[in-house]
Amino acid sequence: MHDAAEIPAYEGPHEIPGIRFRHARRILGVSAWGMNVLELQAGCTDYPEHDHVHDGQEEVYVVLRGRAVLHADGQRHPLPAGSMVRVPPEVRRSLTTDEGALLLALGGTPGAIYRPEGET
């Protein structure tokens, strides 16, 4: 068993101020899907807008603590603690938070073997 807050945060050239990415998949040995813990600091507005058209990956965000807002295809969706949402590959999305939030992000491509970018 692992405490999400104790998973080492990503440090490297793609690090984003105000956001800690924790690679939960690696710690738990999950190989079937992508899984990260996202810790968004209070006032975070820098979560990158993106979609997954290039790889067909759908994502699910589960809010473990705090409150976040999902911005998807021009719409704003408040996400209180305990909520979850699925985002299809073609939808552009980003996250913001006023008070800070801890989220579990799950992702995978239907019918495909999961292969993280940069890994073989």
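Would you check if there is a residue in region 64-73 being closer than 16 Å to MET35 by Cα, of a type in the set (A, V, I, L, M) and surrounded by 13 or more Cβ atoms within 10 Å (Cβ to Cβ)?
yes
If a residue has to be part of a loop (DSSP other than H, G, I, E, B) and crowded, with 20+ Cβ neighbours inside 10 Å to count, how many in region 31-56 make the cut? Talk me through it step by step, then tell me what you get.
Residues of region 31-56 part of a loop (DSSP other than H, G, I, E, B): 31-33, 41-49, 51-56.
Now narrow it down to the ones that are crowded, with 20+ Cβ neighbours inside 10 Å: 44, 47.
Within region 31-56, residues that are part of a loop (DSSP other than H, G, I, E, B) and crowded, with 20+ Cβ neighbours inside 10 Å number 2.
Scan region 82-96 residue by residue and report those that are surrounded by 15 or more Cβ atoms within 10 Å (Cβ to Cβ) and within 17 Å of ILE16 (Cβ to Cβ).
Residues satisfying the conditions are ARG93, LEU95, THR96.
In region 24-38, how many are at pLDDT below 90 and among the β-branched types (Val, Ile, Thr)?
Matching residues across region 24-38 total 2.
When TYR47 is evaluated against the numbered criteria (1) under 15 Å from the mean Cα position of the chain (by Cα); (2) under 15 Å from ILE7 (Cα atoms), which criterion, by number, is the only one it fails?
TYR47 satisfies all of (1) under 15 Å from the mean Cα position of the chain (by Cα); (2) under 15 Å from ILE7 (Cα atoms) except (2).
The values are calculated or read from the model by the stated rules, or taken from the named source; none is laboratory data. The model shown is predicted, which means the values in this text are computed figures rather than measured ones. Virtual Cβ from ideal backbone geometry, glycine too; neighbours counted across all protein chains shown.
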